[in-house]
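*Asks:* Please see the structure below; I have some questions.
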Amino acid sequence: MVTTFKVAVLGAQGVGKSAIVRQFLYNEFSEACAPTKTRRVYLPAVVMNGHVHDLQIMDFPPITSFPVNTLQEWADTCCRGLRSVHAYILVYDICCFDSFEYVKTIRQQILETRVIGTTETPIIIVGNKRDLQRGRVIPRWNVSNLVKKTWKCGYIECSAKYNWHILLLFSELLKSVGCARCKHVHTTIRFQGALRRNRCTIM
């Protein structure tokens, strides 16, 4: 059985969210920074532990605010589909305090504007550019503690440049949206298994 999971990727300009998506899909990275100006939709199929999962990954340009209703969502072409996804990936640059504040604001707006009474939508906070950690502006422990204990969100640090923890991020994503066959399997085991036995494949 194939299930489609819709995922929104959000973040301030220059945080590397598009680089994360491209590294996951095409195993490539470009030093040239091209700002995302329009919504980009990718439709990969992921094979994990012998089962196929369709993903609809939507890479959004930086938005000034999260749409408060469906009318606002569809009035702005950059926001279409943003309120109906199964999970959110909010990316910030560990070397840029303002990008973390952006994620903080968008997360709060998501919580305030999603339809009341619907199932809670998973949010994963991603600290990108781990390869530049000497320039980190907020200690990792502080961010992790805030995100996991106070916000009750998933937290992962990665490097799109070196393809570090990119696969782990999307493995966690499948777990967070309720992938029945991944839910009770330890993340590290799934990640290592994907590397060693090619059990997670992009089609």
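*Asks:* Collect the residues in segment 163-182 that are within 21 Å of LYS17 (Cβ to Cβ) and free of Cβ contacts under 8 Å to residues at least 60 places away in the same chain, keeping them in residue-number order.
*Replies:* Passing the criteria: TRP164, HIS165, LEU168, GLU172, LYS175.
*Asks:* Right, another one. Looking at segment 1-13, which of the residues that are assigned to a loop (DSSP other than H, G, I, E, B) and at pLDDT below 95 is least open to solvent (accessible area, probe 1.4 Å)?
*Replies:* VAL2
*Asks:* Follow-up. Among the residues of segment 155-172, write down those that are modelled with pLDDT of 95 or more and not hydrophobic (A, V, I, L, M, F, W, C).
*Replies:* Answer for segment 155-172, where residues must be modelled with pLDDT of 95 or more and not hydrophobic (A, V, I, L, M, F, W, C): TYR155, GLU157, SER159, LYS161, TYR162, ASN163, HIS165.
*Asks:* Using the structure shown, decide if LEU71 is part of a helix (DSSP H, G or I) and either modelled with pLDDT under 95 or in contact with a Leu (Cβ under 7 Å, 6 or more places away or on another chain) (or both).
*Replies:* Yes.
*Asks:* Collect the residues in segment 113-131 that are of a type outside the set (D, E, K, R) and in a loop (DSSP other than H, G, I, E, B), keeping them in residue-number order.
*Replies:* Answer for segment 113-131, where residues must be of a type outside the set (D, E, K, R) and in a loop (DSSP other than H, G, I, E, B): VAL115, ILE116, GLY117, THR118, THR119, THR121, PRO122.
*Asks:* Among the residues of segment 44-64, how many are within 17 Å of ILE166 (Cα to Cα) and either among the aromatic types (Phe, Trp, Tyr) or part of a loop (DSSP other than H, G, I, E, B) (or both)?
*Replies:* Of the residues in that region, 1 qualify.
*Asks:* With ILE20, ILE106 as the choices, which residue is buried (at least 16 other Cβ atoms within 10 Å of the Cβ) and either closer than 17 Å to ALA160 by Cα or at pLDDT below 90 (or both)?
*Replies:* Among ILE20, ILE106, only ILE20 is buried (at least 16 other Cβ atoms within 10 Å of the Cβ) and either closer than 17 Å to ALA160 by Cα or at pLDDT below 90 (or both).
*Asks:* Suppose we keep only residues that are open to solvent by less than 50 Å² (accessible area, probe 1.4 Å) and of a type in the set (Phe, Trp, Tyr) within segment 46-90. Which one would you say is farthest from the chain's Cα centre (by Cα)?
*Replies:* Among them, the one singled out is PHE66.
*Asks:* Before we move on, is LEU43 open to solvent by 10 Å² or more (accessible area, probe 1.4 Å) and closer than 24 Å to CYS153 by Cβ?
*Replies:* The answer is no for LEU43.
*Asks:* May I pose another question? Condition first: closer than 21 Å to SER30 by Cβ, assigned to a helix (DSSP H, G or I) and open to solvent by less than 70 Å² (accessible area, probe 1.4 Å). Now tell me which residues in segment 132-173 satisfy that.
*Replies:* GLY135, ILE166, LEU167, LEU169, PHE170
*Asks:* Within segment 23-34, work out how many residues are in contact (Cβ under 8 Å) with a residue 60 or more places away in the chain and assigned to a helix (DSSP H, G or I).
*Replies:* Final tally of qualifying residues: 3.
*Asks:* Does ILE110 fit the bill of being aliphatic (A, V, I, L, M) and part of a helix (DSSP H, G or I)?
*Replies:* The answer is yes for ILE110.
*Asks:* Same structure again: I'd like to check something: does segment 95-106 contain any residue that is assigned to a loop (DSSP other than H, G, I, E, B) and touching a residue at least 12 places away in the same chain (Cβ under 8 Å)?
*Replies:* Yes, segment 95-106 has at least one match.
The values are calculated or read from the model by the stated rules, or taken from the named source; none is laboratory data. This one's a predicted model, so the numbers in the text were calculated from it and none came from an experiment. No Cβ is skipped: glycine too gets one built from the backbone with ideal geometry, and neighbour counts run over all protein chains shown. The area values use the complete protein model at the heavy-atom level, side chains included, leaving out ligands, DNA and RNA. Shrake-Rupley method; radii C 1.70, N 1.55, O 1.52, S 1.80 Å.
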